[in-house]
Amino acid sequence: QVQLVESGGGLVQPGGSLRLSCAASRSIFSFNTMDWYRQALGKQRELVATAIRDGSTVYADSVKGRFTISGDNAKNTVYLQMNSLKPEDTAVYYCHAFQYGLAYWGPGTQVTVSS
């Protein structure tokens with residue numbers, strides 16, 4: 001059974017930065033894709049960033065130029081570096097992994113952007 005555990009969330013002021021981590025129970029290269037999603041209160045869960053096994057990345061328009069997804073296979077960890085945070089980035093952030101028809105989710109970590 002694959003486990004994903006997020007960490008690094010918290011309260012930050014607008015314009016600040018946070019780095020989220022997603023620790024996987026096995027090699028991140030074993031997955032076809034690894035992603036970060038977020039869900040704000042009362043809204044649908046949305047895709048924020050995707051890292052594909054070939055090294056390419058995809059970002060939602062709302063975070064392009066501000067967020068960066070990366071991975072460290074030695075640590076079985078995927079990161080989401082979030083800069084220039086805005087109040088509208090407030091949400092629970094979830095790590096997601098996909099492999100050959102199977103999807104795995106972490107429990108999520110809260111990010112709150114507020115002054």
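At 1.4 Å probe size, with every protein chain present, just tell me what the per residue accessible area of the chain comes to in Å². Intermediate values should be presented prior to the final figure.
Numbers: 6110 Å² over 115 residues.
Computed with neighbouring chains in place, this is 53 Å² per residue.
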- request: Could you name the lysines whose alpha carbon sits less than 22 Å from that of LYS64, not counting residues in the same chain fewer than 8 places away?
  value: LYS43, LYS86
- prompt: With every protein chain in place, what's the accessible area of PHE98 (1.4 Å probe, Å², nearest 10)?
  reply: 80 Å²
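Would you mind telling me the share, in percent, of accessible area of the chain contributed by carbon and sulfur at probe 1.4 angstrom?
On the way: 3090 of 6110 Å².
C and S atoms contribute 50 percent here.
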task: Could you pull out every residue, at least 5 positions away or on a different chain, whose amide H is within less than 5 Å of the one on VAL48? Hs are placed 1.01 Å off N in the peptide plane, and Pro or chain starts have none.
output: TRP36, TYR37, ARG38
Whole-Hz ³J(HN,Hα) from phi, Karplus 6.51 cos²θ - 1.76 cosθ + 1.60, for region 32-38, glycine and proline x: 5, 9, 10, 9, 10, 10, 9
query: Expressed as a whole number of Å, what is the distance separating the alpha-carbon centroids of region 9-71 and region 73-103?
result: 3 Å
message: With every protein chain left in place and a probe of 1.4 Å, what is the accessible surface of LEU4, to the nearest 10 Å²?
response: 10 Å²
message: Could you sort ARG38, ARG19 by their accessible area in this structure, using a 1.4 Å probe and putting the largest first?
response: ARG19, ARG38
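The values are calculated or read from the model by the stated rules, or taken from the named source; none is laboratory data. The structure displayed is predicted, hence computed values, not measured ones. Note: areas computed on protein heavy atoms with side chains; ligands, DNA, RNA excluded. Shrake-Rupley method; radii C 1.70, N 1.55, O 1.52, S 1.80 Å.
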